[in-house]
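Student: Quick one: the structure is below, and I'll ask about it shortly.
The values are calculated or read from the model by the stated rules, or taken from the named source; none is laboratory data. It should be emphasised that the depicted structure is a prediction, and the values quoted were computed from it without experimental measurement. As a convention, Cβ positions derive from the backbone with ideal geometry for all residues, glycine included, and neighbour counts pool all protein chains shown. Heavy atoms of the whole protein, side chains included, go into the accessibility calculation; ligands, DNA and RNA do not. Shrake-Rupley method; radii C 1.70, N 1.55, O 1.52, S 1.80 Å.
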Amino acid sequence: DSAFVALNKALTQEGIYICVKEKTIAKQLIHIVHIIQAEGEAVATFPHTFIRLGKSSEASVLETHVGLNDENVYLADPLTDVFLEENATLHYTKAQKESLKAYHVGTTRVWQKRDSTFNGFSLAAGALIARNDLDVVINGEGAAAFLNGLYSVYKDQHVDNHTSVDHRAPMPR
């Protein structure tokens, strides 16, 4: 774990757990919204989200991080863990529009089993400094990860995207 993942784990007080049972297709978008409003004080937030899709299930999740005031100074250190069982499909989007004085250091970790699919998209349009770490572990033949993104910066903003894909299963011949 990185220092920011360890910090999140140490300081998280609450979290979000989404579980889609096996052979279930969630027809509605699941939208998670993290809102920060920190008037006149520097704060830190450590949201932790768990998403688990059972065997042969499918869901679409939009996770949004929003700062309501561009003058607020804060640290957002979100951690999202995704677990995909065999033949599960997740359409996942992370959208981030934090305060122009905020620091966003987010980590998304994905574990995939055989024949699962992760369709990931990241949109970064806020924060003074934003870093997005995406770590995917492909642990089964036939699993696929599609990783796309877009960032838009203004003046002194800075965005880093760090992506790691660990292929633990042999490629089919």
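Student: Just tell me which aspartates and glutamates come within less than 13 Å, Cα to Cα, of LYS21; anything on the same chain fewer than 8 places away is out.
Tutor: LYS21 reaches GLU58, GLU85, GLU86.
Student: Per 0.36 nm of contour for each residue apart, how much would the distance between ASN139 and HIS31 grow if the chain were fully extended, relative to their Cα-Cα spacing?
Tutor: 36.2 nm
Student: Hey, another quick one. Sorting check: for 31-37, 60-66, which peptide has the highest mean count of neighbouring beta carbons within 10 Å, and how do the rest follow? Walk me through the numbers before you get to the answer.
Tutor: On the way: 31-37: 14.3, 60-66: 19.1.
Averaged packing, sorted descending, gives the order 60-66, 31-37.
Student: Could the peptides 43-50, 141-148 be put in order, highest first, of the mean number of other beta-carbon atoms found within 10 Å of their residues? Intermediate values should be presented prior to the final figure.
Tutor: Numbers: 43-50: 17.4, 141-148: 14.9.
Answer by packing, highest mean first, reads 43-50, 141-148.
Student: A further question on this structure: Using 0.36 nm per residue, how much length does the chain from LYS9 to HIS167 gain when fully extended, once their Cα-Cα distance is taken away? Intermediate results must be reported in sequence, preceding the final value.
Tutor: Numbers: separation 158, 0.36 × 158 = 56.88 nm, distance 2.55 nm.
54.3 nm is the gain from fully extending LYS9 to HIS167.
Student: Now, a different point. Can you give me the pair-distance distribution of segment 85-173, C-alpha pairs, 10 Å bins, whole percents?
Tutor: 17, 43, 24, 13, 3
Student: Can you give the direction-averaged projected area of the convex hull of the alpha-carbon atoms in the chain, in nm²? Before the final figure, lay out the partial values.
Tutor: Working: hull surface 40.7 nm².
Average projection, Cα convex hull of the chain: 10.2 nm².
Student: Could you tell me what percent of the accessible area of the chain is made up of carbon and sulfur, with a 1.4 Å probe and every protein chain present? Show your work: numbers first, answer last.
Tutor: On the way: 4940 of 9370 Å².
Within the chain, the accessible surface is 53 percent carbon and sulfur.
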